[in-house]
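What follows is a short report on a single structure.
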Amino acid sequence: MPSALITGVTGQDGQHLSELLLSKGYEVWGLVRGHSADRIQAYRQEFPDVHLVEGDLTDLGSLIRAVEVAQPDEVYNLGSLSFVALSFRQPEATADVTGLGPLRLLEAIRLSEQPGVRFYQASSSEMFGKVRETPQSESTAFYPRSPYGTAKAFAHHSCVNYRESYDMWISCGILFNHEGPRRGSEFVTRKVSRGVARIALGLDTHLTLGSLEPRRDWGYAGDYVNAMWLMLQQEQPHDYVIATGEAHSVRDLVVTALQSAGLEPDVERYVRFDKSLLRPAEVDFLVGDASRARDELGWAPSVDFVGLVDMMVQHDLRLAASSRD
Ligand code: GDR
């Protein structure tokens, strides 16, 4: 039975990946910090078969112990401080967790003398930031626009360097935005799907957003964790862009969500602007070229933009209706 250690196990991707690996017969270990009890409790209830091991990406000793306990064949590093807006307010914590965290985990694996471990790093399209070319591929130069993006770029380069220096088995997935009903409500897709569901049920009259102009390449998180697993099953480690190849603006997102809830797609009526939601530097337009993943991994997304938004809105309509009753 192969075993896998997942950091960030209670997050959106951690949950999808837990589900996937358990269904494939893995022994799954999740790294959790001691003090996020509510989240851990909820995760435990949903995934009673996952073993939890305590550790923190800011603490090398705890990572060494976690690797010792779990004895993983595969390590998926999904843990990070992942909300871009927050990274501007907590740049140092972001650099520590999101940037140095993966480096510490690589050191823990290197020191563990388990040479066969395969490592997945959650790299991000935020590294492309102020894009140098469109669409972005594995060879596009990075130009991050946030403390989060710079931390992810550091982590990405560290992974490449460890792969080349120590012959470690490391693959980085450069994932574009990936969403779904498990997404946290601070991210724009979930904020919109929840907000629109509440409007449709008469619980709210509007939702409040920052800029409606940024464009993103939004895919379904369930599809994206499958790509992570596929990357670690290859003969050689490599870095892969994972994206749908289609971009939509935040405005398109609102229109599609309103339609999915059966409301008039009248953005001016339902959305209020709050300038405090603008970021000091914005990423205007991201769209990925996932040809390598398609050709080498046989990976393709199964959910398109309208299907994704509809899945989230319908989920939040049910949720809002049940909490109202
Ligand atoms: P992003 O995701 O920064 O792309 O990073 P997010 O959903 O936060 O923002 C997407 C775009 O929407 C604009 N926006 C708003 N965003 C939020 N959160 N709330 C608002 O009210 C709002 N109004 C407008 C943003 O300015 C932005 O342009 C996500 C994260 O999951 C990262 O961790 C991950 O690495 C990347 O995707 C790929």
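The values are calculated or read from the model by the stated rules, or taken from the named source; none is laboratory data. Being a predicted model, the structure only gives us computed values, none of them experimental. Here the Cβ positions follow ideal geometry from the backbone for every residue, glycine too, while neighbour counts run over all protein chains shown.
Mind checking which residues of the range 45-71 are assigned to a helix (DSSP H, G or I) and of a type in the set (D, E)?
E46, E68
For A257, are the conditions met, namely being buried (at least 19 other Cβ atoms within 10 Å of the Cβ) and in the same structural domain as L203 (by TED's automatic domain parsing)?
Against the criterion (buried (at least 19 other Cβ atoms within 10 Å of the Cβ) and in the same structural domain as L203 (by TED's automatic domain parsing)), A257 qualifies.
Would you pick out the residues in the range 86-116 that are of a type in the set (A, V, I, L, M), over 23 Å from A70 (Cβ atoms) and surrounded by 16 or more Cβ atoms within 10 Å (Cβ to Cβ)?
Correct list: L86, A95.
Where in the range 207-287 are there helices (runs of 4 or more DSSP H), lying fully within it, with 2 or more residues that are in contact with a Phe, Trp or Tyr (Cβ under 7 Å, 6 or more places away or on another chain) and hydrophobic (A, V, I, L, M, F, W, C)?
221-232
(1) out of contact with any Leu (no Cβ under 9 Å at 6 or more places or on another chain); (2) of a type in the set (S, T, N, Q); (3) touching a residue at least 12 places away in the same chain (Cβ under 8 Å): which one isn't true of S139, the others all being true?
For S139, the failing item is (3).
Would you mention how many residues in the range 126-172 are within 14 Å of the ligand (Cβ to nearest atom) and assigned to a loop (DSSP other than H, G, I, E, B)?
The number of residues fulfilling the criteria is 8.
Quick test for you: out of F285, F187, pick the one residue that is of a type in the set (F, W, Y) and either in contact with an Asp or Glu (Cβ under 6 Å, 6 or more places away or on another chain) or within 9 Å of the ligand (Cβ to nearest atom) (or both).
Sole residue among the options that is of a type in the set (F, W, Y) and either in contact with an Asp or Glu (Cβ under 6 Å, 6 or more places away or on another chain) or within 9 Å of the ligand (Cβ to nearest atom) (or both): F187.
Quick check on the range 45-54. Is at least one of its residues within 27 Å of V188 (Cα to Cα) and in contact with a Pro (Cβ under 8 Å, 6 or more places away or on another chain)?
Among the residues of the range 45-54, not one is within 27 Å of V188 (Cα to Cα) and in contact with a Pro (Cβ under 8 Å, 6 or more places away or on another chain), which makes the answer no.
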